[in-house]
Amino acid sequence: MREPTLAGIDSSRANALDNQENHVEKAKRRKRSRLAGKTADAVSLNASTIGSKDTVESNNANTTMLEETLKPRWILQSGESQKFKIRYQPEEMGTHRHTYALSVIDGDDITYEINVSGIADVPGLDMNPNVVFSKVEESKIAEIHDPAYFSDTGAYDFGSLLVFRKDKSEHRREAEFKFRNVSKVDAEVCFYLEENIPDIFILEEEKLHIPAGQRGSLKISAGVTKLGSFTDKLHICVTNNPHVDTIQLRCSGSKLDIELEDKQVSFGQVLLYRRDFLTRAIRNRSPVQILWRLMPDESLDPQISFAPISGIVKAGSDQEIEFCYHASKVGAVDASLTFDAFFIDENDVESIFTESLSLSGETYDVAVDINHVNPIDLKYVKVGCPTSANFTISNRGNYEVKYVILLDEPDKLAMIAQDLPAKLKENIEISPASGFIESQKEATVQKTPIEHPSVTYMTQIKKENIIQKDSDKMTDNLDSKDKKQSPIESSSTKKIPEFTTKLQVGPFTVTKTEGDVAPGIVDTVTIECYPEFVGSQEEQILIFVPDSVPEDRSGKLVTLSVNSCLPSVDLYNLDAMFRENYIVNRIQDFICPKEIDAHTVFARQERRLYFRHIKVYHTHTTYFELYNRNVIPANVEITLYKESSSPVIFQPDAFVVAPDKQSIPPMSQKKFAVTFKPTLLETSHAVLGIEVEQPSHLKDEKFSVKLTGQACVPEVTIVEPPNGKRERAVLNFGRTLVNDTDTKSFVFQNVGVVSAKVIVEIYEDPKCLFTIGSHDDNDEDSTDGRDYGAERTLGGNRCLVVHLTPGQTVSLDVKFSPREVGKYVGLVRLFVADNPYENLTIDLKAEVYAELIVLEGLKLVSAKSTVVVNERRESNFRLRRSSSRSDSVTGVSLSTALPVSLTYKLEYGCCFVNKIYRKSFKITNKSADRHLRFQWGAHPNVVFTPSIGHLKSSTCKEIIATFLSSEPASYVDVIRSNLYWSVMQ
């Protein structure tokens, strides 16, 4: 758009600039008008025609539009409107576009473009079976199936449907066909059935309107009235499309065939508190699945239950119902149930099949007493002597009782007594073992012969640390024993003596070779093993027990075995040992991220663990693991000693390892902590020794890892303001107005290898004129992307805490807000945490003055800069006189009738030739009782609006400085303004 015209410019140069700009804009409008006229005459109406509609006739509810031929030009009166109708008559498929141009003559030469587009296509449907039908199969495998489309026959088969009497509900299946409009126009679709057999195939609707790219659904239901197969064809016609698609429909009629197995469920007689279970099957031979339900006709007795109470039986399959009779009350129980079958895919409450089922059962109780039992105590029985016991069974009930006496299974007997003979059932005879007892009668189990006693009191020997023994010496020791008394007599008459005879068999030592054990007492035999070589060893010993069971009369053979090995620790898998550290082949291969501080790196080739970036007086701990992959424990001792090749003095307190001694269980691992705490700013070295304890006649297994600890401190340097090694950094605020605010920035950088915490604080400022803050405090929209975690402390805006990562640079602002005229100084101190060697300071200097006339929005120029500007201005003046070229303005100096007090900078930067640039600022009169008259000097390239004006006391006025250059050049010039005071009357 055209730049706004400068207002109030009272110079001939400004008028010339305005006339030049208007001439350029008018030339552009005339050119656009000529192009629009040519375009309108060349419009082709091959695919569309347009006619004006300027006459409207209304007759009741009908409105008739009279069409006229489009004219290239027409005149509209004030407030008049014109309507147009575009007719689209395509002859080919595709997308057609056309553009009409509408130009307004003798106005601003504005041209409007009207883009018209249309799509021509033939409506069509996607007849892919996978799109139309929800289920598609290659061929029909079984006669019983769900509704599906079969590709081999090209027909949609609804499957088998049931034929019912007229008084029953009709069995119908419904299918949904989905048609997608693949054309770019809407489709009107009609559906027709060729045969149209009544009550067989029914269409929900015969017409569908499917928008372009959308889907439409057609629901078809099928039913049968008699047995047999039924077919029909569905014709699909699309308006304005001559092609007709056909879908063949099929279904067949079948009979309902449901059978309920055994309609009489009788539990007979059930003992009180017992449970009895019976099952009945539901057989569905129909071609459809059914939903069934079994409900009692009246309230069901709580002793009878069944599950499930309902379910689904698939076509041609069976389902079982389990009936349970829980006898809890003596007496007879009768009940009746009703079985109903329904369609599963129909919301029909009317059953299609009904059957009755009867239940019956009787609960009875028995009263039996068993006398002289529980337990049958045979007292002490000698080996080989039979004994017997009698007990009676009495029936006090009203029913005959059948009894059977059985011994428990061996696993249950083992819970009562251990070490029972394997042929216990053969050695115990019960007579009679079974029989019947009539009501109010008694039966006697006449005799219970026991040929062998219970083994509860047989001699037991407990073996510990079982290893092989020599049977010959054991046999001699047992043969020499002369103890003929029975265990019962010896235990009651005298105390059993202790035997201390030892038996040495290979690496095994049996501490006790013979002894007597009283009934119910456990004796312990200790076997010691001391192998002398690595490998497996095996020995055997024979244990004799006098008067034992026949199968143990020859003694029991016990095998002693040992697998001996040496303790060891996996000292070769260094990656697993130091997995909690960074692992590299060489320390030169490690690339340290800036985000991490203290860390440890293990170098494989050097076999050295490096503690890197550890701050002085800080502690860093890492861990390594030792794996015992053996089957015996391993005792490990960790030591620290000086590295022989290191010239550095060994510091024993720099490294600490814990624990220094540890026993590692078999097939497990233990962690060891290594801690580095430097007290000096230097590199420490040590050796970590690992010793695995071995038997006394072997040397201990040793392994060592070198340790290197690098101590450091955070390092920070001041980048801006620049300063030398022996110079102090200075922030000079220059001249600042009273009650104004000036901001200077300083930059410092973390040049160390660890993160640094810097406390920035202002000192030596008793009047609190200087404040400190980050860029985010001054500019809410700052997007410089830096994140150094500045935190304010209790000092408010005079103290900040900054966290820096290595290499990060931070820029902070110092604000100076004076309230009185004078010179002020201050000091910014930077305290680096954990670094007592750094002392960074920045001096603050400022000079405050008071002025009545101020230009707000422009930067002040120092006195030194003013001299430079004057020199460049004189040079440019001489250059203009020699080359007669115009200059651009980059600086402005304010002067009055009095000597110059302030110099401001008006900077335009890089500008394009023949393009207008504007900058605005305010001139403010801060006096309380005087008026001000100002007048800007003339300049060939700069126009001030307004150039002359008056200001009342304590007011301001906005000035717009417009710059235009017709030739490329680089200029520095000075423009003066004359100021005149007048006292208020």
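Values in this text are rule-based calculations from the coordinates and carry no lab data. Quick caveat, the model's predicted, so the values are computed rather than measured. Backbone-built Cβ (ideal geometry, glycine too); neighbour counts: all protein chains shown.
Converting phi to 3J(HN,Hα) with the Karplus coefficients 6.51, -1.76 and 1.60 and the offset θ = phi - 60°, region 256-273 yields 7, 9, 10, 10, 10, 5, 6, 6, 10, 10, 10, 8, x, 9, 10, 5, 4, 6 Hz in sequence order, with x at every glycine or proline. Straightening the chain between Phe590 and Tyr572 buys 4.3 nm, computed as 0.36 nm per residue apart minus the Cα-Cα spacing. Straightening the chain between Lys661 and Lys412 buys 84.6 nm, computed as 0.36 nm per residue apart minus the Cα-Cα spacing. Packing-based ranking of 917-926, 234-243, 545-554 yields 917-926, 234-243, 545-554, ordered from highest to lowest mean Cβ neighbour count within 10 Å. Once backbone amide H atoms are built at 1.01 Å from N, Val136 has Tyr149 as its partners under 5 Å, excluding neighbours fewer than 5 places away on the same chain. Computing FRET efficiency as 1/(1 + (r/R0)^6) for Glu80 and Asn115, where r is the C-beta to C-beta distance and R0 is 30 Å, gives about 0.75. Listed values for region 545-551 are Karplus-derived 3J(HN,Hα) couplings in whole Hz (6.51 cos²θ - 1.76 cosθ + 1.60, θ = phi - 60°), namely 10, x, 6, 7, 5, x, 6, and x replaces Gly and Pro.
Under a 5 Å amide H cut-off, with hydrogens placed 1.01 Å from N, Thr955 pairs with Asn925 among residues at least 5 apart or on other chains.
In this structure, the amide hydrogen of Asp973, modeled 1.01 Å from its nitrogen in the peptide plane, lies closer than 5 angstrom to those of Thr890, Gly891, counting only residues at least 5 positions away or on a different chain. The simple Förster model, with R0 at 56 Å and r as the Cβ-Cβ distance, assigns Asp547 and Val404 a FRET efficiency of 0.95. With the largest listed first and rounded to whole Å, the semi-axes of the equivalent ellipsoid of region 901-981 from the Cα gyration tensor are 28, 12, 11. The modelled label-to-label distance between Thr231 and Lys184, using points 7 Å beyond Cα along the C-beta direction, is 4.1 nm. Summary of packing: across the peptides 688-700, 503-515, the per-residue average of other C-beta atoms within 10 Å ranks them, highest first, as 503-515, 688-700. The string of couplings for region 409-423 from the Karplus curve (6.51, -1.76, 1.60, θ = phi - 60°) is 5, x, 5, 6, 5, 5, 6, 7, 8, 8, 6, 6, x, 5, 9 Hz, one whole number per residue in order, with x for Gly and Pro. As a proxy for reagent exposure, Tyr572, Tyr610, Tyr582, Tyr763 were ordered by neighbouring Cβ count within 10 angstrom, fewest first; the result is Tyr572, Tyr763, Tyr582, Tyr610. Neighbours of Gly857, meaning other residues whose beta-carbon lies under 10 angstrom from its beta-carbon, give a summed charge of +1 when Lys and Arg score +1 and Asp and Glu score -1.
Electrostatic tally near Asp318: other residues with Cβ closer than 14 Å to its Cβ, Lys and Arg +1, Asp and Glu -1, net -2.
Legend: calculated FRET efficiency, Thr392 to Asp257, from the Cβ-Cβ distance at R0 = 56 Å, rounded to 0.05, equals 0.40.
Estimated at 0.36 nm per residue, the fully extended path between Glu143 and Thr639 surpasses their Cα-Cα distance by 170.1 nm.
Could you list, in their original order, any pairs among Lys823/Lys919; Lys757/Lys823; Lys744/Lys957; Lys905/Lys952; Lys594/Lys757 whose Cα atoms are separated by more than 21 Å?
Values: Lys823/Lys919 33 Å; Lys757/Lys823 33 Å; Lys744/Lys957 28 Å; Lys905/Lys952 25 Å; Lys594/Lys757 15 Å.
Going by Cα-Cα distance, Lys823/Lys919; Lys757/Lys823; Lys744/Lys957; Lys905/Lys952 fall outside the 21 Å limit.
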